[in-house]
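Structure first, then comments.
Every number here is computed from the coordinates shown, using simple stated rules; none is lab data. From a predicted model like this one, the values you see are computed outputs, not experimental measurements. For neighbour counting, all protein chains shown are included, and Cβ atoms are generated from backbone atoms with ideal geometry for every residue, glycine included.
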Amino acid sequence: MTVDEYFAALPYEADAFQREAAELIARGETVVVTAPTGAGKTLIAEFAVALAHAAGERAFYTTPIKALSNQKYQDFVDIYGEHDVGLLTGDNSINGDAPIVVMTTEVLRNMIYAQSSALNNLRIAVLDEVHYLADRIRGSVWEEVIIHAPEKVQLVCLSATIANPEEFTHWVQMRRGPTSLVLESHRPVPLQPKFMVTDLWQGETLMFDMFEQHGTQTRPNRRVLRLLASKTGRRKRFATPRRPEVVETLASEGMLPAIYFIFSRAGCEAATRRVAATPGLRLTSREERSEIRRIALERTDHLPADDLSILQFGEWLSDLEAGVAPHHAGMVPAFKETVEELFERGLLKVVFATETLALGINMPARSVVLDSMSKFDGESHVLLGPSDYTQLTGRAGRRGIDVVGYGVSLHSKWTKFERLAAVAAAGSSRLESSFKPTYNMAVNLIANYERELAEDLLRASFAEFQRDAEVNRAVRRRNDRLSELAAVKAQAECERGDIWAYAEIVDRVGRELVEDVAPGDVMELSGGRAPARYLVIQVHPSAPSPVAMLSTAGKVRRFTIDEMAAAQHLGRIAMPKNLNPRDRRGQQRLVQRLRTFHGQPDAGGVDHPVAGCPDVYDHMRMVRKARRLERSVRVADSGVGLVDEFRAVLAVLEERGYTEGWRLRPPGERLRYLYSEQDLLIAETMLAGHLDALAAPDLAAAVSGFVYESRLESDETPPPMGLAPTAASITAMWEELVSDETQRGLSPTRRPDFGFAELAYHWAQGFNLEEILEETMMAPGDFVRVSRQLLDVLRQIRDAAPQLADTADEAMRRVDRGVVAAGGIG
């Protein structure tokens with residue numbers, strides 16, 4: 001099959017960048033393709049798959065999430081049929097020996113480390129959403145695949161728009177040989193950023209273009225800036241538009257269907273109910289409502305009636321018929337997949353979604369609404385970055401349907417319009433590596449490579465590539481500043497004496513004086529930048545300029561420690577309580593008292609020849625500048641290199657009996673099967689025998705501690721009473737492991753969390769969904785998701801520990817049932 005033959009068979013004309021990438025792939029090159037969401041990167045991957053299939057060779061298509069794997073599996077089944085397409089997602093396996101297999105990226109990484117025979121006839125591996133390598137938890141998987149994949153395998157790396165595609169491509173080329181970058185910046189459907197605000201005085205919701213064109217320049221809309229600046233008086237004028245008002249405005253402007261991003265599951269659910277119940281807001285026709293009901297019933301027919309009742313199926317269906325729906329990780333897969341299908345068919349008009357929907361799933365809309373420009377990152381609320389904005393609004397504009405897509409941002413008192421416009425205009429962000437050695441990675445490197453080669457491979461990571469480039473830039477900056485430092489030191493010198501010795505005395509005297517002074521002290525400064533009599537009004541010892549003083553001229557100035565060293569104490573003035581620095585009348589009264597104050601100077605000051613120099617202030621200014629430069633030329637320690645970190649990981653493994661030199665001992669061989677984030681802790685638990693005597697439900701409960709993570713610390717709950725001794729033993733082992741990691745400068749392993757243990761235990765005992773959900777505030781979708789993760793780790797334990805294989809198998813059968821087994825394709 002040739003490039004021309006493939007593209008000639010398409011029902012539409014391909015874009016130039018798609019054909020360019022296809023020709024490079026046909027020549028045998030690895031390619032990196034960066035393009036906006038919806039630009040058509042998938043067609044390039046589909047060509048690569050078709051090329052391998054036509055040649056009788058295998059193609060793997062990897063994705064970061066199971067939902068996207070499910071979608072691509074169905075797409076390829078529609079093209080090639082079920083016989084030629086497989087799906088592997090860690091907890092599910094369908095036709096894994098097929099010539100075309102869709103999988104999560106971790107599955108391919110695991111195959112590579114296991115030297116699986118499945119790689120023998122592999123020609124093409126597509127890494128979809130490759131920018132996911134920046135993910136803090138899972139990102140290193142993409143780098144491991146790029147580094148360790150067999151040389152004969154061509155990689156097709158698909159990425160959203162990033163700011164440093166050349167740097168990433170250069171690194172891939174160093175690892176994979178001939179590699180080309182195909183860069184597409186044009187959106188097939190242009191994005192029109194919009195701004196919406198409610199004017200409470202006028203009683204209406206207004207929508208504006210976020211930007212205006214001024215000649216060749218694009219700048220924030222001045223009409224919006226003038227409007228937001230027009231508020232007078234104390235009465236609040238502008239507010240964030242309510243969600244029903246936003247939907248009504250979009251409907252009246254012909255801007256539906258829309259994806260409405262709300263960074264809260266509860267917010268998505270509440271918005272759906274509110275809009276569905278809004279009087280007079282009718283988004284669907286009678287025919288559409290009938291079709292929605294038919295599809296929803298068909299897609300959920302496999303779920304037991306009792307489970308549907310618990311999942312409030314009736315309310316959900318009613319909202320669907322109104323044309324609105326939530327979409328978030330707390331929903332069971334069957335509900336989420338139904339929402340996706342209905343939206344793709346144009347039957348749903350508004351989907352209220354968390355940001356997980358932005359990753360890869362094919363759900364384009366005419367408009368995207370951002371409910372807020374900040375989100376909770378697990379620790380605090382952070383402002384969305386340019387890449388977040390681009391990723392989310394990338395869904396706006398349906399190719400072949402819409403002339404333009406709309407990205408609608410809402411007014412917020414927390415985010416100024418100028419800041420919002422700056423984020424929208426910035427475009428993409430740099431792709432930064434999150435790669436770091438893990439225990440599982442270490443034992444697989446030992447199993448597959450000589451030590452020198454393994455360390456060379458770590459040095460070949462994108463993380464080390466970026467770190468080396470930054471170090472080189474830092475060295476150049478350091479050399480420039482060393483030259484500047486030499487010049488500044490020369491300017492600091494004083495012919496009357498040693499300026500550096502004087503500076504040390506000044507530091508000591510100044511700090512002592514700052515510790516002694518308090519508001520109300522009257523000070524005399526005879527030299528420096530502002531010689532005068534002053535009244536101390538504020539002291540902040542840790543500040544760069546720790547003392548604020550009021551002069552006889554009525555001005556407040558802040559003074560550094562070395563300036564204070566030259567001050568003499570004259571006495572004290574009684575200060576009013578709760579002095580307001582902005583109280584001009586109060587300040588003037590103090591100024592009058594300061595001017596008429598008579599006091600005797602103490603014996604303060606510094607006794608040194610330099611102190612009498614008329615240019616001493618200028619000399620000290622150069623001393624301060626030299627000190628700043630000295631700090632800046634010390635190249636910041638960016639932490640140990642990856643090889644040093646890898647050696648620390650090896651030291652932990654050898655100390656615990658997993659390795660001996662560059663050789664695996666039996667526990668190390670078993671660790672190769674454990675790909676969990678808590679790989680070594682699981683291995684230690686198995687090695688200590690803490691899981692050996694457990695029955696299947698107890699094993700499921702214990703293992704849940706390795707996969708579950710409370711969303712908030714306050715969510716943590718103790719394990720069931722029967723599991724308490726096992727949980728205590730595992731936690732004690734974790735404490736010892738973290739102590740070792742901390743001593744060696746390694747990131748500590750996450751604490752085991754047994755907050756899901758009781759639910760896992762009861763589910764494995766046969767409780768039904770209603771009984772399970774009565775025990776917890778957990779959303780049904782979260783219960784299914786954690787249960788699927790539990791199945792994955794149970795499978796790893798079964799493969800790693802023969803003595804646990806039968807119990808782990810039974811635990812898997814007990815967990816993989818009902819709504820968990822009906823979790824979707826993958």
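See the values below:
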{"quantity": "Within the chain, percent of DSSP bridges classed antiparallel, to nearest 5", "calculated": "45"}
{"quantity": "Nearest-0.05 FRET efficiency for GLU432 and ALA270, computed from C-beta distance (R0 41 Å)", "calculated": "0.70"}
{"quantity": "Stretch gain in nm, segment ARG237-ALA728, where the contour uses 0.36 nm per residue and the Cα spacing is subtracted", "calculated": "171.1 nm"}
{"quantity": "Computed label-point distance, nm, for sites VAL403 and GLU775 using a 7 Å Cα→Cβ extension", "calculated": "5.9"}
{"quantity": "Extension gain, HIS170 back to ALA26 (0.36 nm per residue minus Cα-Cα distance, nm)", "calculated": "49.8 nm"}
{"quantity": "Charge dipole of the chain about the Cα centre (unit charges at C-beta), most positive-ward option of PHE238, TYR260, VAL819", "calculated": "PHE238"}
{"quantity": "Helix 805-815 axis, angle to the chain major axis (alpha carbon atoms, nearest 10°)", "calculated": "90"}
{"quantity": "Estimated FRET transfer efficiency (ARG647, ARG595; beta-carbon r; R0 56 Å; 0.05)", "calculated": "0.20"}
{"quantity": "Reachable lysines, given that their alpha-carbon falls under 24 Å from the alpha-carbon of LYS236 and they are not under 8 places away in the same chain", "calculated": "LYS194, LYS413, LYS416"}
{"quantity": "Spin-label model distance (nm) - ALA695 vs ARG345, 7 Å beyond Cα toward Cβ", "calculated": "4.6"}
{"quantity": "Which of VAL350, GLY554, GLN568, positive extreme of dipole for the chain (C-beta unit charges)", "calculated": "GLY554"}
{"quantity": "Given (1) 111, 64, 49; (2) 76, 59, 48; (3) 98, 75, 63, the label whose value is Cα extents along the principal axes in Å derived from this model", "calculated": "(3)"}
{"quantity": "Overall form of the range 157-245 per C-alpha gyration tensor (a/c, 1.5; a/b vs b/c)", "calculated": "prolate"}
{"quantity": "Within the range 112-226, percent of DSSP bridges classed antiparallel, to nearest 5", "calculated": "70"}
{"quantity": "Whole-number percent relative contact order across the chain, with pairs defined as alpha carbons under 8 Å at least 6 apart", "calculated": "11"}
{"quantity": "Under 20 Å from the Cα of LYS625 - aspartates and glutamates, other chains or at least 8 residues apart", "calculated": "ASP480, GLU484, GLU493, GLU495, ASP498, GLU504, ASP507, ASP562, GLU563, ASP615"}
{"quantity": "Theoretical ellipticity at 222 nm over the chain - DSSP helices of four or more residues, -39500 (n - 2.57) apiece, nearest 500", "calculated": "-14000 deg cm²/dmol"}
{"quantity": "FRET efficiency for ARG813 and ARG744, using Cβ-Cβ distance with R0 set to 45 Å, rounded to 0.05", "calculated": "0.65"}
{"quantity": "Surface/4 estimate of mean projected area, convex hull on alpha-carbon atoms of the range 67-137, nm²", "calculated": "5.2"}
{"quantity": "Sequence-distant lysines (8 or more away, or on other chains) whose Cα lies within less than 22 Å of LYS41", "calculated": "LYS66, LYS72"}
{"quantity": "q = 0.13, 0.14, 0.17, 0.20 Å⁻¹, the range 710-795: log10 I(q)/I(0) [Debye, one scatterer per Cα]", "calculated": "-0.51, -0.59, -0.82, -1.05"}
{"quantity": "Dipole in debye (nearest 20) - the chain, about Cα centre, beta carbon charges: Lys, Arg +1; Asp, Glu -1", "calculated": "4760"}
{"quantity": "Mean shadow area of the range 229-356 over all directions, Cα convex hull, nm²", "calculated": "9.7"}
{"quantity": "Chain lengthening between LEU10 and ARG219 when straightened (0.36 nm per residue, less Cα-Cα)", "calculated": "71.2 nm"}
{"quantity": "Folded to 0 to 90 degrees: helix 780-800 orientation relative to the chain principal axis, Cα", "calculated": "80"}
{"quantity": "Per-peptide average of other Cβ atoms within 10 Å, ordering 588-596, 268-276, 570-578, 813-821 highest first", "calculated": "268-276, 813-821, 588-596, 570-578"}
{"quantity": "The range 179-262 - charge dipole about Cα centre, Lys and Arg +1 at Cβ, Asp and Glu -1, debye rounded to 20", "calculated": "600"}
{"quantity": "Cα shape, the range 496-593, gyration tensor, a/c 1.5 rule", "calculated": "prolate"}
{"quantity": "Summed side-chain charge close to VAL145 - residues other than VAL145 whose Cβ falls under 10 Å, Lys, Arg +1, Asp, Glu -1", "calculated": "-2"}
{"quantity": "Nearest-ten-degree value, helix 462-492 long axis tilted from longest Cα axis of the chain", "calculated": "10"}
{"quantity": "Value of Rg to Rh for the range 121-194 (Rh from inverse mean 1/r over Cα pairs, i.e. Kirkwood)", "calculated": "1.02"}
